[in-house]
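For reference, the structure discussed in these notes is given below.
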Amino acid sequence: MATTDRQTATLALTHALSAAEHGLPVFPLSATKLPALRSPHRDESPPVHCRGACGLPGHGVHDATTDPATVRALFAAAPRATGYGIACGRPPHRLIGIDLDIDTTHGNDSVAALQHLALQHLFTIPATVTVLTPSGGRHLWLTGPSGVSVPNSAGRLAPGIDVRGAGGYLVGPGSVTTHGRYRLAPGTAHLPPAPCPRALLRLLTPPPRPHRHPAGRTSPTSRQGEGLVQFVRAAHEGQRNTRLFWAACRAYEHGFGDALADALTEAAIRTGLTEQEARAAIASAARLTSPRPNS
Ligand SMILES: [Zn+2]
């Protein structure tokens with residue numbers, strides 16, 4: 001391993017230990033932002049759904065720990081780690097990550113979208129830890145109350161705003177990825193993560209899923225599915241990807257993503273996307289809305 005790689009790995013461990021010291025559960029990430037340790041079950045058939053009960057490392061976000069000795073052991077087993085993930089939704093902070101994507105090509109301003117939501121729902125976005133991503137986006141760190149589980153979501157609040165909650169993770173500041181380094185925004189390093197405003201918390205915890213309806217009738221699900229397809233079909237050139245991704249996320253969150261995938265693809269192709277582009281956007285929506293994104 002080159003010296004720079006070793007330095008990057010050492011720095012990643014240093015940053016991870018510092019986060020752990022502040023009560024944030026961490027685990028090693030590779031330069032692709034995925035867990036650096038491979039699953040001990042990767043060759044098992046049929047696939048095993050283990051969240052670490054076997055006692056071995058390699059379970060993604062389920063490896064996350066605040067214990068310094070365990071953090072060191074995880075990084076020792078992952079010499080190619082260049083960063084670290086911080087598990088969201090776990091005590092004491094119950095971190096909620098508001099991931100604001102900056103999509104300049106599509107003119108999609110998620111910061112303005114969040115401010116709009118704040119005005120509409122009467123909350124103030126508190127001063128809090130903010131991490132700048134290599135692509136120009138930012139992660140706001142908020143804390144949640146006990147007894148409330150915030151699910152992961154992608155684009156549900158507004159296009160370009162993803163939420164990392166229970167079972168999700170954030171790339172920690174100081175991590176290096178193939179796209180560059182994650183760093184703390186100037187002036188936010190000294191701040192503790194601020195409590196999530198109540199009104200925002202209500203937006204982040206969606207109502208229970210709709211029940212299934214008897215066959216032969218138009219269920220709310222199929223009506224909603226048709227609405228999503230129309231939404232994609234009506235996209236102008238600059239919105240095609242964003243709209244498709246948003247619609248696919250909604251469909252997956254409500255449990256009919258796979259059923260709607262073909263109709264969404266067809267609608268997206270009509271707006272001028274290639275089938276490959278459409279399938280990729282839908283697959284990415286499926287991945288991001290999955291309750292267990294790292295398994
Ligand atoms: Zn296991």
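With springs only between Cα atoms under 10 Å, which of GLY136, GLY60, GLY225 fluctuates most in a Gaussian network model of the chain?
Ranking GLY136, GLY60, GLY225 by mean-square fluctuation puts GLY136 first.
Report the equivalent ellipsoid semi-axes for the chain in whole Å, largest first, defined as the square roots of five times the eigenvalues of the gyration tensor built from alpha carbon atoms.
Semi-axes (√(5λ), whole Å): 33, 23, 20.
If you average the alpha carbon positions of segment 75-142 and of segment 1-59, how far apart do those two centres end up, in angstrom?
Computed from Cα coordinates, the inter-centre distance equals 21 Å.
Quick one: 3J(HN,Hα) in Hz for segment 250-258, Karplus 6.51/-1.76/1.60 with θ = phi - 60°, rounded, Gly and Pro as x.
Values, residue by residue: 4, 4, 5, 4, 9, x, 10, x, 5 Hz.
Collect residues whose amide H, placed 1.01 Å from N in the peptide plane, falls under 5 Å from the amide H of SER175; neighbours closer than 5 in sequence don't count.
Amide H neighbours of SER175: TYR84, TYR182.
Determine ³J(HN,Hα), in whole Hz, for all residues of segment 32-37 in sequence, where each value follows from phi through the Karplus function 6.51 cos²θ - 1.76 cosθ + 1.60 and θ = phi - 60°; x replaces Gly and Pro.
Running phi through 6.51 cos²θ - 1.76 cosθ + 1.60 with θ = phi - 60° gives 8, 6, 9, x, 6, 8 Hz.
Among ASP67, ASP43, ASP101, which one shows the highest mean-square fluctuation when the chain is modelled as a Gaussian network with alpha-carbon springs under 10 Å?
Highest fluctuation among the options: ASP43.
Measuring from label point to label point, each 7 Å out along Cα→Cβ, what is the ARG80 to SER135 span in nm?
2.2
Rank-order 71-77, 238-244 by packing density, defined as the average count of other C-beta atoms within 10 Å over each peptide's residues, highest first.
Ranking, from highest mean packing down: 238-244, 71-77.
Take the Cβ-Cβ distance between ARG38 and LEU11 as r, set R0 to 22 Å, and report the resulting FRET efficiency rounded to the nearest 0.05.
Working from the Cβ atoms, E equals 0.50.
Fully extended, how many nm does the chain gain between SER149 and HIS190 (0.36 nm per residue separation, minus their Cα-Cα distance)?
12.1 nm
In segment 1-54, what percent of the accessible surface is made up of carbon and sulfur (1.4 Å probe, ligands and nucleic acids excluded)?
Ligands and nucleic acids excluded, carbon and sulfur give 54 percent.
For segment 120-127, just list the computed ³J(HN,Hα) in residue order, Karplus coefficients 6.51, -1.76 and 1.60, θ = phi - 60°, integers in Hz, with x standing in for Gly and Pro.
Calculated HN-Hα couplings, in order: 5, 9, 6, 9, 10, 7, x, 5 Hz.
The values are calculated or read from the model by the stated rules, or taken from the named source; none is laboratory data. Just so you know, these numbers come straight off a predicted model, no measurement behind them. Cβ sites come from the backbone with ideal geometry, for glycine too, and all protein chains shown count toward neighbours. Keep in mind that these areas ignore ligands, DNA and RNA; they rest on the heavy atoms of the full protein, side chains included. Shrake-Rupley method; radii C 1.70, N 1.55, O 1.52, S 1.80 Å.
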